[in-house]
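Have a look at the structure below before the remarks.
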Amino acid sequence: MTDSPATLGHAPHRVSRGANQALPERAELLPGIWRLPLPLRDSPLGHVNTYLVRSDDGYLLVDCGWDTADTLHTLEGHLRALDIRMPDVRHLVITHIHPDHYGLAGRLREISSADLSFHRLERLYIESRYVDADELLGEMREWLRLNGTPPDELDRLNRGSMSMMERVQIAFPDRTLDGGEEITSGRFSFRVIWTPGHSAGHICLYDQRNKLLLSGDHVLPHITPSVGLHVRAMGNPLADYLDSLRLVRKLQAELVLPGHGEPFRGLPERTDELLAHHQRRLDEILELLSERPGLELSGYEIAARMRWSRQRTWDDLSGFERRMAVTEALAHIELLHDRGDLEKRHSNGGIRYVVEA
C-alpha cells in the first residue's frame, strides 16, 4: 500500500544522523513540492515530515519541527541543497500546534518573516498549553487523580510531557483558519479541511486537481495517531476523529503526505484500518468491564489492563506513555458513555465506569 519517496519523487538525498541512524530521504515528490524530514531527537518517532511548496512569491512550508538546534540546522541544510534562502520561505502553515509540528515556528518567523497560519481552535490553546503551563499541570494532575491514577504515579504521569515544552518558541498566527479556505501556492491550490480529533484544530490540506493530501497527523501510514481526552478537551475527541476519518476517506487523493512515516497511496484502505483499530479498542474496553457483573474500573485501571503493544507490557511504559494511554482510554470510554454502552459513576472522590447487566 505504501511507496517510498524514491519511487514517488525525484533526486532523493539521505541525511546523516550519526552512527547507524539516518533521516528519510529528501525528495521532490511532485514538481514543485518537496519532503524535508527533520530530526526528532530522543523521540521514538525519529523524524517529522515538513513539506516545501514552490509559490509565485517564494515558498510555502507546511509544519516545521520543534525548536532545537539540530532541527534548525537540518532545515537550513535542506534549503541550501535546493539553493533556497531562508527569507524565501514566505508562508508557514501549521497542521496543529503539537511541539513536533509547531515548535520552531517562532524562530522561523524571526529568521524569515514568513506569515503564519493555523486553525482558530489551535490559537485558543497556545496560552493554556505553553504560556500558563503550570496552571494546566495543576488541572491535569487533578484530572488524572479523579480518573484513578495512584498517588505515587501522579507526578510521573503529569510531568511526562514537560520536556517538550522546552522545544517550543511561541508564535501567534497572522491568519487563523476555520476550514474551507483555499491556499494557493504555485501550481497547487490547497483546500483547508478541518479534521479534529488528534487535536481540536487539526487541519489537512487537499489539492483536488493534483489528487494530493497533506494529512499532518490525521492519517499516518503505519501508526495510529493519539486521540486523547484531556482536562481541557472540548466535546468528544474520538467521535470527532472518527467523523473526520470518514470525511477524508471520500477525497480523491492518490498520494498522501503524512506528518510521520513515508508518503503513501491507498487513503480509503488506510482510513478503514484506522476505523477498525478504534472499534477493536472500544470492544476491548467493553470486554474488560464485562468480565464480571457490576465490575467498576477507573480510567487508569482500564488503561492498565488494555493491550498497547505486542512487545511491551504496562510495566514497560514510561510516565509519558502511560499518560497518553490513560487519555486515549478515556477518549474511548467517553465515546462509549455517549453511546449509552457504559455508565459513569462518581464515588469516593473519583470516577469509575461500569457496564450495566
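For segment 245-260, taking the residues that are of a type outside the set (A, V, I, L, M) and farther than 10 Å from V219 by Cβ, the one that is least open to solvent (accessible area, probe 1.4 Å) is identified as H260. Just give me the residues in segment 258-293 being within 21 Å of the chain's Cα centre (by Cα) and in a loop (DSSP other than H, G, I, E, B), in sequence order. Once the filter is applied, which keeps residues that are within 21 Å of the chain's Cα centre (by Cα) and in a loop (DSSP other than H, G, I, E, B), segment 258-293 yields G259, H260, G261, E262, P263, R265, G266. Meeting the requirement of 1 or more residues that are within 30 Å of D56 (Cα to Cα) and open to solvent by 20 Å² or more (accessible area, probe 1.4 Å), the helices (runs of 4 or more DSSP H) wholly within segment 116-228 are 120-126.
Starting from residues that are touching a residue at least 12 places away in the same chain (Cβ under 8 Å) and farther than 22 Å from V354 by Cβ, keep the ones in segment 308-344 and report whichever is most open to solvent (accessible area, probe 1.4 Å). I'd like the intermediate steps shown before the answer.
Here is the first cut: in segment 308-344, the ones touching a residue at least 12 places away in the same chain (Cβ under 8 Å) are 308, 318-338, 341-343.
Keeping just the survivors that are farther than 22 Å from V354 by Cβ gives 308, 318-324.
Working: W308: 59, S318: 48, G319: 8, F320: 78, E321: 55, R322: 21, R323: 34, M324: 60 Å².
Filtering first and then ranking leaves F320.
Within segment 261-280, track down each residue that is open to solvent by 80 Å² or more (accessible area, probe 1.4 Å) and either modelled with pLDDT under 95 or basic (K, R) (or both). Of everything in segment 261-280, those that are open to solvent by 80 Å² or more (accessible area, probe 1.4 Å) and either modelled with pLDDT under 95 or basic (K, R) (or both) turn out to be R265, R280.
The one condition from (1) touching a residue at least 60 places away in the same chain (Cβ under 8 Å); (2) farther than 16 Å from R191 by Cβ that P225 does not meet is (1).
Quick check on my filter: what residues within segment 220-260 are hydrophobic (A, V, I, L, M, F, W, C) and touching an Asp or Glu at 6+ places or on another chain (Cβ under 8 Å)?
Pass one, segment 220-260, residues hydrophobic (A, V, I, L, M, F, W, C): 220, 223, 227, 229, 231, 233-234, 238-239, 242, 245, 247-248, 251, 253, 255-257.
Scanning segment 220-260 gives V227, L229, V231, L238, A239.
Taking every residue in segment 292-303 that is aliphatic (A, V, I, L, M) and pairing it with any residue that is open to solvent by 50 Å² or more (accessible area, probe 1.4 Å), at least 6 positions away or on another chain, the pairs with Cβ-Cβ distances below 9 Å are L297/R305; L297/R352.
The values are calculated or read from the model by the stated rules, or taken from the named source; none is laboratory data. The shown structure was predicted, so the numbers you read here are calculated from the model rather than taken from an experiment. Positions of Cβ are generated from backbone atoms using ideal geometry, with glycine treated the same way; all protein chains shown enter the neighbour counts. The area values use the complete protein model at the heavy-atom level, side chains included, leaving out ligands, DNA and RNA. Shrake-Rupley method; radii C 1.70, N 1.55, O 1.52, S 1.80 Å.
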